[in-house]
Each structure stands twice: as C-alpha cells, then as structure tokens.
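This report refers to the structure that appears directly beneath it.
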C-alpha cells in the first residue's frame with residue numbers, strides 16, 4: 001500500500017477514536033470536553049511520533065510544527081493530559097494496524113504466525129513490586145515487563161500481544177489466550193521450546209489451526225521423552241495420544257501403551273479435561289493426534305518438533321525450512337526495541353508506559369506496511385534487496401510529523417535498501433541490563 005493511503009488511514013483511525021473519546025478517558029463527560037492546547041488527537045499522534053529523545057524535545061518537535069513554538073505546552077501539562085487517556089485508545093489503534101493493506105499473505109493456504117516473548121525494560125520504580133528486580137553482584141536495579149506476541153511472518157506485522165508483569169509471566173497461557181481470541185482463519189503457529197505444552201497444542205487444535213512447536217530433544221524430559229521412538233537419528237512418526245486424569249487400575253494398564261495413552265495429573269493444566277477425575281465415573285479422554293519429527297540442523301546437531309500438519313503436504317524437509325522462518329519474530333523484537341524505540345519510555349507511571357508500548361507496536365506495523373513496497377531487483381547485483389528498517393522508521397516518523405509529504409516518503413523508502421544475506425548467524429552476547437535514564441537522552 002502506498003504511504004499516502006496508509007497516512008490517511010491512520011489519521012482517520014485516530015479521528016474515529018477521538019470521536020468516541022468518552023470510551024477511552026478516565027472521567028467520561030469531564031476529560032477533553034474543553035478546548036485546550038493539547039487535544040485528544042494530539043496526545044495520540046505525539047505518542048506515536050516519539051523516539052528516544054527527552055520528553056521536552058519530543059514535545060518541541062511535535063507542537064512546533066504549526067505555531068513556531070509559541071504557546072508550547074509544558075512537560076507537566078502534557079503528562080497530565082496523557083494521564084486522562086486510558087490504554088484502550090492505543091490498543092484500539094494497534095488493532096487497526098494489524099491488517100492495514102487488507103491483503104493477508106499465505107503460505108500453502110495458511111497464515112504463518114510466530115509466537116514468542118521478550119522482556120522489555122521500563123523505567124526503574126521500586127514501588128512496582130511485580131516488575132522490580134533489585135539487581136545482583138553490584139548490578140543496578142531494574143523493572144521488567146514481558147511482551148508476548150503473535151507475529152505474522154509474511155507481512156512482518158504483530159497481530160496480537162499480551163503484556164504481563166515479569167514476576168507473573170506465563171507465556172503458554174498468553175499464547176492460548178491470543179489463539180482463542182483471534183479472528184484469523186487458517187494459520188500455522190510456529191513456536192520454540194518455551195511453548196512445549198499439551199494445553200497449548202489443544203487450544204490450537206480446538207481453534208482449527210495448525211502448529212509447529214520445537215520441543216526438548218529425545219534425551220530431555222519433555223513430551224517426546226515419554227514416547228516410544230525409532231532407533232534412528234532422524235525420523236517422522238505419527239502418534240495419537242488420549243489424555244485422561246483417571247488413574248485407576250484399568251487406566252494404568254492403558255498407560256503402558258506410551259504412544260496412545262497419557263495420564264495428566266491434577267497439577268498439569270489441560271483446559272479440555274475436568275480438573276479432577278471422579279472415582280465412581282468412567283474415564284474422560286481428550287484426543288491429541290500429532291507428528292514427532294526429528295531432523296538434522298548441522299553435523300552432530302538435531303532438532304525435534306511436534307506438529308499436526310499433514311505428513312503428505314508437509315514433509316520433514318519442508319518443516320525444517322518452515323521452522324527456520326520463525327526467526328523473523330526475533331529480528332522484529334530487535335527492530336521494535338532499537339529502531340522504533342521501545343527501550344526509551346517517557347514516564348515512570350506504568351499506565352503511560354503501556355500507552356507508549358502499544359503506540360510503538362502500532363508504529364512498527366505502520367512502518368512494516370509502508371516498507372512492503374515492491375522493489376525493482378537488478379539482475380546484475382549479487383544479492384536481492386529489501387527496505388532498510390532503520391531508515392524506514394525515520395522516514396515514517398517524519399511523515400507523521402508532517403515534515404515530508406507522502407509522495408516524498410514513498411520515494412525515500414524505495415531508495416533506502418540493504419542486501420539480503422541469507423544463512424548468516426552470530427553468537428548472542430550476554431550483557432547486563434542498563435536502563436536508559438530520563439536524563440541521559442538525546443536532546
């Protein structure tokens with residue numbers, strides 16, 4: 001979609017949210033009822049346009065567009081106006097950006113959704129006990145929230161998120177919640193080992209979706225370690241498990257068939273079974289058919305996945321390439337934090353921090369949609385090219401600040417390209433968590 005259409009669509013969306021501002025303000029009928037320097041629209045748009053500068057520089061850049069700096073609102077006044085708005089306004093804006101162009105991309109008839117989570121460091125606040133970490137070995141204290149995301153790999157956009165306090169995080173429950181609430185049709189959920197769970201598999205199965213989940217290898221203590229598997233390095237087998245909470249003598253005889261029956265203790269969550277079995281009643285079973293596939297990554301290294309994709313349509317080699325596509329969500333987290341600016345918040349209050357978080361997600365989706373322009377690939381070049389995300393973020397920000405027109409933005413995005421170099425990998429470097437303090441920002 002051309003930038004001018006996206007630009008107008010986002011502005012229209014904000015105007016529509018503003019027209020229903022009674023649903024998104026703390027005190028309905030009182031907040032934003034009088035004409036002030038900072039309107040409801042300006043509050044939303046200014047947060048979308050924020051980057052890593054000081055709050056004063058953000059206000060100066062946004063509100064100096066028309067009046068030349070006269071009547072510039074103070075930092076205090078700006079924060080007071082923002083505090084009148086509920087997070088729901090920014091959540092609605094984010095939801096509007098999940099399918100801006102209205103054209104969902106498919107892989108063999110399926111949407112590809114990667115599921116993952118990432119810690120987000122917010123301004124240090126010792127009073128917020130659910131996110132506060134005191135630090136160890138001389139490390140400074142910090143606060144963390146956990147972002148659980150469902151990411152469309154082919155359109156490079158976030159489709160849904162669940163934000164949790166770090167001390168109360170539950171990635172598997174968050175994924176189940178996002179799956180249950182989604183309106184997407186056929187989809188394949190691709191996830192790593194953190195989502196190895198019969199309950200997650202059951203929720204995706206009940207949704208009518210497919211899943212491809214990496215699990216602990218055959219020597220671990222995960223799902224496949226309790227199955228009877230072939231004595232081979234690589235294999236692709238089908239199993240059909242019937243889960244039950246019944247642990248009677250008759251049921252224990254069934255459990256000897258490890259590939260078809262499984263006992264689920266009361267402390268293990270499986271939402272489609274009763275919480276406990278009744279001694280006088282017959283066993284209740286829940287059926288989960290799936291494949292266990294083990295394939296070679298490189299010499300001496302293997303990965304094991306479970307999936308309910310058909311064996312004929314998706315052979316093991318295709319699953320290997322499909323799972324590799326999950327890495328797109330990892331690179332999106334990097335762009336979200338370091339290019340869009342999710343590491344730089346402008347308030348200590350968690351509610352205002354969450355406003356900015358959803359604004360960053362919306363801006364990421366906007367940039368991704370604008371960057372999906374078809375590029376003219378030159379055959380003489382060694383590599384294919386794609387839009388430079390860092391430059392695209394800067395161009396889109398200037399567009400929404402009315403510094404450049406949409407036509408100019410489109411031309412700049414098309415010119416801002418970088419080569420695509422496949423099959424490259426780098427070791428992750430561990431680093432200590434250092435919050436970007438309010439006083440150490442770019443002016």
DSSP bridge pairs, region 111-328: antiparallel proportion in percent, nearest 5: 75
D (Stokes-Einstein, µm²/s), Kirkwood Cα radius, region 111-328, 1.002 mPa s at 20 °C: 112
Angle in degrees between helix 171-181 and the longest Cα principal axis of the chain, rounded to the nearest 10: 80
Rg to Rh, two decimals, where region 252-379 supplies the alpha carbon set and Rh follows Kirkwood: 1.14
Acute angle (nearest 10 degrees) that the helix 55-67 long axis makes with the longest principal axis of the chain, alpha-carbon atoms: 50
Shape category assigned to region 1-147 from the gyration tensor of Cα positions, a/c cut at 1.5: oblate
Relative contact order of region 259-315, pairs being alpha-carbon contacts under 8 Å that are 6 or more residues apart, as %: 21
Relative contact order of the chain, defined on C-alpha pairs under 8 angstrom at six or more residues apart (%): 19
P(r) tail fraction, region 61-156 - alpha-carbon pairs more than 18 Å apart, %: 72
Cα-based convex hull volume of region 76-126 per residue, rounded to whole Å³: 143
Shape box of region 276-338 [Cα atoms, principal axes, largest first, Å]: 57, 34, 26
Sorted by Cβ neighbour density within 10 Å, fewest at the top, the residues 360, 326: 326, 360
Gain in span if fully extended, residue 34 to residue 385, counting 0.36 nm per residue against the direct Cα distance: 121.3 nm
Residue order, fewest to most surrounding Cβ atoms within 10 angstrom, among 63, 358: 63, 358
Estimated inter-spin distance, residue 5 and residue 282, nm [label 7 Å along Cα→Cβ]: 5.7
Approximate shape of the chain as ellipsoid semi-axes (Cα gyration tensor, √5λ), whole Å, largest first: 44, 27, 21
Approximate spin-label separation residue 349-residue 263, in nm, with each point projected 7 Å along Cα-to-Cβ: 5.4
Exposure proxy order (Cβ contacts within 10 Å, fewest to most) of 56, 290: 56, 290
Calculated FRET value between residue 238 and residue 167, using beta carbons and R₀ = 45 Å, to 0.05: 0.65
With Cα atoms, 0 to 90° folded angle of helix 406-415 axis to the chain main axis: 50
Percentage relative contact order, region 111-328, counting C-alpha pairs under 8 Å, at least six apart: 17
At R0 = 45 Å, FRET efficiency that the Cβ-Cβ distance of residue 231 and residue 88 yields, to 0.05: 0.20
Pairwise centroid distance, computed over Cα atoms, of region 136-214 with region 224-298, Å: 23
CD proxy at 222 nm, helix term only [per DSSP H run n ≥ 4: -39500 (n - 2.57); per residue of the chain; nearest 500]: -10000 deg cm²/dmol
Enclosed volume per residue, in Å³, of the convex hull spanned by Cα atoms of region 193-239: 91
Kirkwood hydrodynamic radius of region 234-286, from inverse mean 1/r over distinct Cα pairs, in Å: 11.8
Pairwise FRET efficiency - residue 301 versus residue 154, Cβ, R0 = 35 Å, nearest 0.05: 0.80
Additional length obtainable on full extension of the chain from residue 422 to residue 398, 0.36 nm per residue less Cα span: 5.5 nm
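No lab work stands behind these numbers, since they all come straight from the coordinates. Note that the structure is predicted; figures quoted are calculated from it, not measured. With ideal geometry, Cβ positions are generated from the backbone for all residues, glycine too; neighbour counts draw on all protein chains shown.
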